[in-house]
Structures are given as structure tokens and as C-alpha cells.
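Working notes, beginning with the structure itself.
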Amino acid sequence: MKGELERQLQEREAEVTALQKRLTSITNIIKQLGVESSDSAAHDMLGPLRTVVRDRWGNPIANIDVDPDSIRITPTGSMPIDTQKAPFRSFFLSRVLIPMRDEDEHAKAQGRLSQQHGIVFECHEDSGMLVELVVHHYGTPQRLERIKDALNWTLEKQQAKRPHTT
């Protein structure tokens, strides 16, 4: 058990080193673009950051475009995302986004969050299939990661329910 933990620690240290190198490279690129101010200003200049959610075969399922104040999730068309069924409705909406919204509403009521902030989401669909999901005022980077992780899990589970044809 000790050996396994030591091996995992070495792997994590290697991951941290690789991430630090990537961060240094990105910082250098930003400096070359002439951006010297905060990360959010650099983020604004570069535009939304895109993450592609892929299925287990590497095919793109959805794009997640993130800017400092919103997240835009759009399916790529390779796998329809049914907004009425589990796990999208029962997990992603009911256990992730709605509790975040309720938490923010509670914070607003207590005066800990301004009235113009707090998570708001719009689910645009066509015949029960997701066209676009926009999440405004998502808040912290931790919330962003939680939303992205939950979406990845949701799409992975929804895909597992579909038979794969090649």
C-alpha cells in the first residue's frame, strides 16, 4: 500500500511539473500579445475558452465555451442530448445547477450576494433535445469545474445508455 501511494505521489508531482510548464508557456504567449494585466483581461482578449467533451471513442459530443461570466454548452450533433431524461434532468439540472441557483438566491436574501449576481441558466431545446445551455454568473472557478465535471459525467452516462454502432 505504501509503495502504491508513493507511486501515485510521483505521478502527481510529474503532473504538477507538466502543468507548471504549460502555465509558463501560456504566460509567455500572453506577454507576447502585450497583455500585462490580470488574468481576466487576458481571458477577455483571447475570447472564450473552449473545451470539447468527447465520447469514449474520441468523437466530439459538446462544446463548452467559457468566458469570465458565462458558460455556453452546445451539442456537436454527434449525440443528441435529451433534456427530459436522466441523467441530464435528474442529475445535471436537479442536483447541480438548481442547487447552485438556490444557494445564490439564499445568499442574495441574506445580503451576501448582490441582486444582479447569482447563477442563472437558460436551457434552449428543440423537441426535448438540447440546442444550447447558457449558464450566467457561474461564480467561482471551483463552480466552473464542478459544472464541467458534472456535464462530462452526465454525457458519459447518457452515452452508455445508447447502443454504439460502427
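Using a Förster distance of 30 angstrom, determine the FRET efficiency expected from the C-beta separation of A14 and F91, and round it to 0.05.
Approximately 0.35, to the nearest 0.05.
Given R₀ = 25 Å, what would the calculated FRET efficiency be for T27 paired with Q115, taking r from the Cβ atoms and rounding to 0.05?
0.10
Where does each of H124, H117 land when they are ranked from fewest to most other beta-carbon atoms within 10 angstrom?
Final ranking by Cβ density, sparse to dense: H124, H117.
At a Cα cut-off below 26 Å, give the lysines reachable from K157, other chains included and same-chain residues fewer than 8 away excluded.
K85, K148
Would you calculate the separation in nanometres between label points at E145 and H124, each defined as 7 Å from the Cα along the Cα-to-beta-carbon direction?
Those two pseudo-labels are separated by 3.0 nm.
If you average the sequence gap of Cα pairs under 8 Å that are 6 or more apart and divide by the length of the stretch 48-166, what percent do you get for the contact order?
27
When a/c reaches 1.5 or more, the comparison of a/b and b/c decides; with that in mind, is the stretch 48-166 rounded, prolate or oblate per its Cα gyration tensor?
Prolate shape, in that a/c is at least 1.5 and a/b is the bigger ratio.
Every number here is computed from the coordinates shown, using simple stated rules; none is lab data. Given the structure is predicted, the values throughout are model-derived calculations rather than measurements. Because the Cβ atoms are built from the backbone with ideal geometry, glycine has one as well, and the counts that use them run over all protein chains shown.
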